[in-house]
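First up is the structure itself, then whatever we jot down about it.
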Amino acid sequence: MTDRYDAIVIGAGHNGLVCAALLAKGGKKVLVLEANEQVGGAAVTREFADGYSVSACAHLLYQLQPKVRKELGLSPKLASDAMQTIALSQDGEHVRYAGADVRGVGGADVTSYRRFHTQMSRFADLLNTYLNTTPPRLGTSEFKDLATLARLGFDLRRLGREDMRTFLRLIGINIHDEVTERFESPLLRGAVSFDAVLGTHLGPRSPNTIMTYLYRLAASHGRLAVPQGGMGTIAEELAQAARTAGVTIRTTMPVKRIVVENGRVAGVETATGERFHSATVVSNADPKRTIMELVGTRHVETGFTRRISHIRMRGNAAKLHLALDGLPAISGLAKAEFGERLVIAPDEHYVERAFNPAKYGESSAEPVIEMTLPSFRDPSLAPTGKHVLSCVVQYAPYALEGGWTDAAKEAFTKTCIETIVRYAPGLESRITASELLTPADIEREFHITGGHWHHGELALDQFMFVRPVCGAAQYRMPLDGLYLCGAGAHPGGGVSGAAGRNAARRILREQAA
Amino acid sequence: MSAREVPQGRLRTPFYSRLAELDTLNAWHTWKGYTVPDALYCADTEYFAIRNSTAVFDLTPMTKYRITGPDALVYIDRLVTRDMSKIRPGRVAYAVWCNDQGQTIDDGTIFHLREGEYRLCSQERHCAWLMDSAIGLDVSITDETADVAALAVQGPTSFATLSRMGIDGLGELKPFGLMHVDFDGFELMVSRTGFTGDLGYELWTAPENAVSLWDYLFAAGEITGIRAMGTDALEQARIEAGYIMAYIDFLPANATMRTGRTRSPLELGLDWLVDFKKPNFNGRRALAEEKRSGSTWRLVKLDIEGNKPAHHAYIFADRKGRKNIGFVTSATWSPVCKQNIALGTVRMPLGAPGSELWVEIFYQREMHWSRVMARAEVVDKPFWFPKRRGLTPPDLV
């Protein structure tokens with residue numbers, strides 16, 4: 001039969017592509033089915049207004065795992081690299097930081113930030129080792145699991161008594177306590193707090209927001225880059241690597257269901273009724289969509305169903321795209337600095353207050369915003385002399401009270417623009433087009449339940465050994481032949497490729513055995 | 001929402017007024033929130049009614065769920081370990097259900113009332129588990145415990161009693177069959193089921209018909225030796241029948257804290273209920289693994305020498321008691337078998353049918369404790385399994 005594959009990957013998100021490419025390199029005949037026209041999932045570049053293109057979801061590259069880069073021979077062309085974060089102040093006294101260096105704050109904060117960044121990077125390195133490996137199962141007597149656990153314990157000890165204690169103290173607590181203890185500058189406190197809660201349904205005072213901060217630093221210590229041509233080029237490069245390895249990628253092929261026969265996976269069926277056969281199906285879709293919709297709960301057990309249905313995955317980050325007919329003016333910002341990452345998070349309380357309404361299904365009246373002007377260094381994204389402003393805006397809860405109606409979206413867009421205008425007066429007159437992608441839109445367009453960019457909240461109870469759920473954290477689902485390879489599996493979201501790589505390695509090892 | 005009166009204290013079953021009239025002991029306890037008698041006159045007399053005439057037990061407090069909807073069969077088939085597609089409408093299945101780890105949550109009976117309409121009866125309540133099992137399926141689950149009044153009518157003359165009462169067609173009802181009858185203007189469901197291991201039936205109707213049903217029944221049973229019974233007699237009878245009980249012979253898996261305190265169906269002697277031909281059911285993966293690698297425990301039926309019931313006794317592999325291999329979970333003297341019997345749990349691979357084990361029985365005489373090591377034989381069959389139990393039609397006695 002021609003349409004029989006060794007493995008079928010559902011979804012050509014970046015993790016799906018990484019997984020497919022590595023499986024193919026391992027000698028498997030792999031088919032990738034993507035619902036959308038473009039590959040990349042949420043890592044895509046697309047036109048949102050005539051002549052204006054933007055990375056539709058993720059717009060900064062900082063989590064791509066070096067191992068993924070190396071194994072697939074990726075060398076993405078970067079429009080910007082080692083970008084600064086500029087925490088904007090209305091009076092033009094901005095705070096700028098990159099790596100361990102911070103400017104625009106007092107001497108004490110400079111030292112303190114350096115120490116903070118160094119220590120956090122050290123912890124992040126430890127974390128990163130385990131982001132790139134299948135988490136061990138707890139409560140088994142399997143040698144490999146025990147060995148990994150023992151190594152984790154050993155690695156913790158190796159931090160030294162002082163750092164180990166600090167690590168264990170910090171891993172569960174909130175970023176707010178840390179930034180207030182360490183820094184004086186409200187701007188620095190605000191920006192670091194924001195870094196920790198980006199993409200989550202968490203505020204700076206929520207537990208385990210140090211963990212999310214470490215997660216952000218894990219791959220490259222938070223070194224920010226923007227790929228030339230937007231995030232879509234990363235996906236294209238991954239797709240190319242996959243095709244070179246022999247993977248067949250078919251787009252506009254939404255999978256309707258995973259076919260289960262005699263209690264095991266037998267292939268997939270597309271929305272048009274086409275069937276593809278394979279004893280191995282790897283889902284890049286989020287765990288909820290995979291189990292509840294594609295597989296159907298009747299094919300799995302009750303306890304597993306319950307856990308999957310309880311995964312917290314309500315997105316809270318919206319994406320706002322503005323087409324500008326010229327550069328805005330921001331007081332205190334040199335022209336060259338428009339290529340950096342700009343942040344509106346004036347202090348840690350502001351971030352928490354932005355989060356407060358989200359708890360009750362309301363969007364922030366004063367949102368926190370991360371802005372980039374990708375067209376500044378990459379003119380291909382906008383007509384000559386014009387610009388694209390790409391913003392991640394929080395908080396825009398998925399389950400907005402009353403729903404994300406056109407009126408609600410318009411109102412929130414207005415709120416966001418008003419917030420930006422406080423820092424960039426006159427910006428409103430430069431806007432020629434805008435697009436707001438709420439978590440509801442992200443769910444619809446990128447097929448991510450809840451529009452959550454991690455495919456499930458990044459929290460200690462959904463992390464490592466228990467991601468996506470307890471008993472199924474090793475990529476293999478409790479249905480023979482079914483695997484997860486997306487952000488919903490260990491370790492989580494971000495354009496990192498870690499989940500896809502770990503899953504591929506796991507599958508290859510299991511099938512070799 | 002309109003205000004609803006919430007009963008205070010123990011609930012009374014719709015048969016309470018009749019039970020209270022017959023009661024002479026005033027020995028009551030709580031069963032799932034209802035007040036029920038330990039015994040009404042004398043547990044022994046009531047026990048002998050089960051074995052020699054007709055005993056009536058009020059099983060209204062038994063947990064009852066109605067399961068309906070297009071996916072009802074898919075739902076139940078995934079819930080329990082046996083193949084429910086074989087259970088046609090009008091049939092009843094004894095079944096066991098497990099968690100994902102293949103550990104027993106409870107056992108019970110599932111009545112296929114009408115096409116696609118089921119009633120699940122169990123000792124324990126399972127609302128959360130049943131609702132979670134419904135996620136993603138088009139099925140509706142209703143707790144109908146209080147909406148159905150039920151009586152068990154058990155014993156050799158139970159068929160004669162019910163026939164005299166005027167239930168037509170009862171003679172054709174096979175064991176584990178059920179029928180709907182129009183009785184004196186109300187709807188009555190009769191099933192040939194029970195928890196005594198004897199010939200017997202269970203009657204199910206709406207609570208408002210309860211008293212009248214009781215009166216008809218007792219009028220019909222006057223010459224067939226009918227007696228109401230309490231839970232003490234039932235407990236003795238069910239051990240004779242080899243039936244296990246939640247919280248006594250096993251712990252519901254979701255009620256345990258410690259690992260290793262649960263039991264799989266394979267460890268409870270219920271492997272005949274586990275159908276590995278079904279592609280998926282709760283616990284299948286774990287049970288298949290257990291079948292491959294072997295179980296830890298085995299449920300044993302013990303025929304013990306002597307006449308001292310082996311309550312809570314340790315079980316040993318040798319007379320000297322050097323090797324403790326398990327313990328007794330249920331024990332009683334069986335008057336009808338004239339045997340000292342018990343159910344117990346022992347470590348595999350010990351306790352195979354026919355093997356000899358030793359049971360350490362402590363007993364008290366005038367405050368002082370004595371201990372005896374009693375020889376016990378592991379038996380395969382239920383201690384009590386009279387021919388009449390399987391006979392269709394049963395003898396009119």
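Bear in mind these aren't lab numbers, they're just calculated from the coordinates by the rules spelled out. Since the structure is predicted, the reported quantities are computational estimates derived from the model, not experimental observations. Positions of Cβ are backbone-derived with ideal geometry, glycine not excepted, and every protein chain shown enters the neighbour counts.
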message: Can you tell me the convex hull volume per residue for chain A, based on C-alpha atoms, in Å³ to the nearest whole number?
response: 139 Å³
statement: Taking a crude spin-label model, label points 7 Å out from Cα along the C-beta direction, the B:Met373 to A:Gln511 distance in nm is 5.9 nm
- request: State the three equivalent ellipsoid semi-axes of the protein assembly as shown, derived from the C-alpha gyration tensor as the square roots of 5 times its eigenvalues, in descending order and whole Å.
  value: 66, 29, 27
statement: Using the Kirkwood radius over Cα pairs of the stretch B:216-270, the Stokes-Einstein translational diffusion coefficient at 20 °C and 1.002 mPa s, in µm²/s and rounded to a whole number, is 151 µm²/s
Euclidean distance between Cα centres, the stretch A:88-156 to the stretch B:254-315, Å: 48 Å
- line: Per the rule of 0.36 nm per residue minus the C-alpha distance, extending A:Arg422 to A:Glu142 adds in nm 95.0 nm
B:Tyr94-B:Glu21 pseudo-label distance in nm [points 7 Å out on the Cα-to-Cβ vector]: 3.4 nm
- prompt: Just how large is the dipole of the stretch A:100-217 about the Cα centre, in debye to the nearest 20, putting +1 at every Lys and Arg Cβ and -1 at every Asp and Glu Cβ?
  reply: 220 debye
message: Can you tell me, using C-alpha contacts under 8 Å and at least 6 residues apart, the relative contact order of chain A as a whole percent?
response: 25 percent
query: How big is the stretch A:100-217 in terms of Cα radius of gyration and Dmax, in angstroms?
result: 15.9, 54
message: If I model a spin label as a point 7 Å beyond the Cα along the Cα-Cβ vector, how far apart are those points for B:Arg10 and B:Thr259 in nm?
response: 4.1 nm
- prompt: What FRET efficiency would be calculated for the residue pair A:Ala329, A:Ser380, taking the C-beta separation as r and a Förster radius of 22 Å, to the nearest 0.05?
  reply: 0.35
- prompt: So how do B:Tyr247, A:Tyr350 line up by other beta-carbon neighbours within 10 Å, fewest first?
  reply: B:Tyr247, A:Tyr350
field: Acute angle (nearest 10 degrees) that the helix A:186-197 long axis makes with the longest principal axis of chain A, alpha-carbon atoms
entry: 10 degrees
statement: Applying the gyration tensor rule to the Cα atoms of chain B (axes a ≥ b ≥ c; rounded if a/c under 1.5, else prolate if a/b exceeds b/c, else oblate), the class is oblate
- prompt: What percent does the relative contact order of the stretch A:100-217 come to when contacts are Cα pairs within less than 8 Å and at least six residues apart?
  reply: 29 percent
- prompt: Are there cysteines in chain A with no second cysteine's Cβ under 4.7 Å away, and if so, which?
  reply: A:Cys57, A:Cys391, A:Cys416, A:Cys470
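Rounded, prolate or oblate: which fits the stretch B:296-382, taking a ≥ b ≥ c as square roots of the Cα gyration tensor eigenvalues, rounded meaning a/c under 1.5, else prolate when a/b beats b/c?
Details: a/c = 1.98, a/b = 1.25, b/c = 1.59.
Oblate is the answer for the stretch B:296-382, as a/c is 1.5 or above yet b/c matches or exceeds a/b.
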task: With a cut-off of 16 Å, note down the residues of the stretch B:194-217 whose backbone N falls inside the zone around a label point 7 Å from the Cα of B:Glu187 toward its beta carbon.
output: B:203-210
query: Relative to the longest principal axis of chain A, what angle (0 to 90°, nearest 10) does the C-alpha long axis of helix A:498-512 take?
result: 10 degrees
In degrees, nearest ten, helix A:107-131 long axis to first principal axis of chain A (Cα): 10 degrees
query: What helices does chain B have that are whole DSSP H segments, at least 27 Å long along their own axis by Cα, and with mean Kyte-Doolittle hydropathy of 1.6 or more?
result: none
query: Hey, what did chain B get for relative contact order, percent, Cα under 8 Å, at least 6 apart?
result: 18 percent
message: Restricting to DSSP loop positions (anything but H, G, I, E, B) with no more than 14 other Cβ atoms inside 10 Å of their own Cβ, which GluC sites (Glu not before Pro) remain in the stretch B:311-397?
response: B:Glu366
query: Which of B:Tyr201, A:Gln474, A:Asn316 sits closest to the plus end of the dipole of the protein assembly as shown, meaning its Cα is farthest towards the positive end, when Lys and Arg get +1 and Asp and Glu get -1 on the C-beta?
result: A:Gln474
